[in-house]
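One structure is given here, and the rest of the page talks about it.
Values in this text are rule-based calculations from the coordinates and carry no lab data. Note that this is a predicted model, so its numbers are computed, not measured. Every residue, glycine as well, gets a Cβ built from its backbone with ideal geometry; the counts of neighbours run over all protein chains shown.
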Amino acid sequence: MRKVAIVGTGHTPFTFATEKTSIELFSEAAMDAINEAGLKSKDMQALYLGNCLGDFSEGQAMMQSYAANDIGAFHIPATRFEGACASSSLAVRDAFIWVASGFYDVVLVGGVERAASMGTSLATRTFAMFTDSHYEYPAGLTFPAMFAMLAHLYSHKYGVPLERLKEQMAQVSVQSHAYGMSNPKAQFHKEITKEDVLNGFMVTSPLQLLDCCPFSDGAAALVLVSEEKAKELTDKPVFITGIGQASSGRLSAQKDDLPRLRAREESAKQAYDLAGIKPSDVDLCELHDCFSIASLIAAESLGFFEFGKAGEAWEKGETKIGGKIPINVSGGLKAKGHPIGATGASQVSEIYHQLRGEAGERQVEGAKIGLTDTLGGDGVICTLIMEKGW
Amino acid sequence: MDYKLTFKDYSKALTKGTLLGLKCKTCGNITTPPKMTCQECGGTDLEVVEVKKKGKIVTFTNVSVAPEGRQNEVPYIIVLVRLDEGPWIMGNLIDIDPASANMDLIGRDVSVGFKIFPGDKFSPGDQARPVFSFS
């Protein structure tokens, strides 16, 4: 297996509803990534594109083909990845495998979504398609409702009183918004307080408005190349050294594993094993904070904190820059935004710039190893580990 | 390999007051809602059985923001219930004011009924769903 490097990134601002089309958004991110890599569109040998809901947001399926053509990468094989909110992480993982195998030397990968453009009602309906349509959606299951149930279960199972847990969850959102202030691509540039979170509109108990990430529009793209090709392009390559992916059954089928998602633990183990590292070796993490409680659940299963204790870690500042494991210093899905098909590539982009020392005010000094965790629906999980390559 | 208990047959039985599941002849566990294989061991030697309609609430939420087309249903409570025979199923808790839902619901005994979700433009027709009442 060959080493695979990231040599270019592109990232549109993540925003509320935009007037740009998905193709336009993705092409902007893609050209930035290709230019940053010092390459041309015609150098791309394949495109792997994460997109979930183009069919619903603008009546556009199969956009990967038009996207390749749009940027002048004529007739290259272009494949769409749909793994709900983890779509572009799955695309990155597959791009890694194809380059590592020797089949391709240069692959363009990324994702795009116009979730904000759909409006809350249609977006809530289509996001609910990432649940079991026959056995669970009829009950009115929504995405926040799933994590709301996990929050109550978390409180009960770990003996953290709900009021206490709510405060810990609020701290997650407060931290993310604070870091979002220093990310020019973030959807929110607004500090919030714990009281703001706890006084918010109740979306689905116990999740209030500011426990939930927003609906967002945006795109992100990366250029992945072989080690040999990377040597021609940069003296600061970032290597992907660990990958993991796993799947799950419907929420009720996950039973006693809940509120842990077993798929996350399987996926993380694959990635840690391949990279030959352990959780304590990770210098920073971008994890899937679609809801505040989701951050606690993810951080524990990734091995950063004991089960039931992640909330305390956030309260003690262990997840801040300078703490045990800086988490979501990009602002995370909560403040940076969550255009679902683009989120994984965006997380990887953050790690790439952090490892290269290019993250500005939110730089984690000396970071050498970064990890991304992306969750799709109630059980598609992808873990990626990146390492500084010089 | 034929699907032993399809959604259509499971749903139809539920509308007649019967909760069906699959008993695994390899490990003895019961899987419901149905699947091609046993949820516990992956076994394929399964027998359709009637499952007792009793269980305990494991977790819940009171939903205030509904998907498109279901705004008239809010507020409503969704619960996950552990059936006495092992499987977990999802449905709505009825018979209480949703605003009164709190942590005391966890562990409460419930029995299983049904209600029809008439579907929407994305779903193919009527779908039976479990609803739960306090036993």
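The table for this structure:
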{"read-out": "Taking A:T204, A:T131, B:T26 and counting other C-beta atoms within 10 Å, the order from fewest to most", "value": "B:T26, A:T131, A:T204"}
{"read-out": "Exceeding the 24 Å Cα-Cα cut-off - candidates A:K3/A:K278; A:K157/A:K320; A:K3/A:K388; B:K23/B:K53", "value": "A:K157/A:K320"}
{"read-out": "Karplus-derived 3J(HN,Hα), 6.51/-1.76/1.60, for each residue of the stretch A:52-62, Hz, glycine and proline x", "value": "9, 10, x, 4, 8, 7, 8, x, 10, 8, 6"}
{"read-out": "Choice from B:G17, B:G43, B:G69 with maximal GNM fluctuation in chain B (Cα, 10 Å cutoff)", "value": "B:G69"}
{"read-out": "Simple spin-label estimate for B:I116 and B:T37 in nanometres, 7 Å along Cα-Cβ", "value": "3.6 nm"}
{"read-out": "Neighbouring partner chain Cβ atoms per residue of A:145-158, average, 10 Å criterion", "value": "5"}
{"read-out": "Cα long-axis angle, helix A:292-301 against chain A (0 to 90 degrees, to the nearest 10)", "value": "70 degrees"}
{"read-out": "Sites matching GluC sites (Glu not before Pro) across the stretch A:311-390 that sit in DSSP coil, with at most 16 neighbouring C-beta atoms within 10 Å", "value": "A:E358, A:E365"}
{"read-out": "Ranking of A:C213, A:C285 by count of other Cβ atoms within 10 Å, fewest first", "value": "A:C285, A:C213"}
{"read-out": "Cysteines without a disulfide-compatible partner [the protein assembly as shown; Cβ-Cβ under 4.7 Å]", "value": "A:C52, A:C85, A:C212, A:C213, A:C285, A:C290, A:C382"}
{"read-out": "In the stretch A:154-227, the trypsin sites (Lys or Arg not before Pro) that fall in loop regions by DSSP, at most 13 other Cβ within 10 Å", "value": "A:K190"}
{"read-out": "Those GluC sites (Glu not before Pro) in the stretch A:220-272 that DSSP places in a loop and that have at most 10 other beta carbons within 10 Å", "value": "none"}
{"read-out": "Peptide B:90-100 - average C-beta neighbours from other chains (10 Å radius)", "value": "3"}
{"read-out": "Sorted by Cβ neighbour density within 10 Å, fewest at the top, the residues A:H288, A:H156, A:H338", "value": "A:H156, A:H338, A:H288"}
{"read-out": "11 Å beta-carbon shell around A:E227, net charge (K/R +1, D/E -1)", "value": "+1"}
{"read-out": "Net charge contributed by nearby residues that have their C-beta within less than 14 Å of A:F215 (K/R +1, D/E -1)", "value": "+1"}
{"read-out": "For chain A, calculated [θ]222 nm from helices alone, where every DSSP H run of n ≥ 4 adds -39500 (n - 2.57)", "value": "-11000 deg cm²/dmol"}
{"read-out": "Three-way shape call for the stretch A:1-46 based on the alpha-carbon gyration tensor, with the a/c threshold at 1.5", "value": "prolate"}
{"read-out": "The stretch A:110-215: C-alpha gyration tensor shape, a/c 1.5 cut-off, then a/b vs b/c", "value": "oblate"}
{"read-out": "Cross-link reach list, aspartates and glutamates versus A:K40, counting only Cα pairs under 15 Å and skipping chain neighbours closer than eight places", "value": "A:E28, A:D32, A:D70, A:D105, A:E232"}
{"read-out": "Amide H contacts of A:V203 (H built 1.01 Å from N, under 5 Å, at least 5 apart or other chain)", "value": "A:Q208, A:L209"}
{"read-out": "Tensor-based shape of chain A (alpha-carbon gyration tensor, a/c under 1.5 rounded, otherwise prolate or oblate)", "value": "prolate"}
{"read-out": "Mean ellipticity per residue at 222 nm, deg cm²/dmol - from DSSP H runs of n ≥ 4 across chain B, formula -39500 (n - 2.57)", "value": "-2000 deg cm²/dmol"}
{"read-out": "Net charge of Cβ neighbours under 12 Å - reference A:A128; Lys, Arg +1; Asp, Glu -1", "value": "-3"}
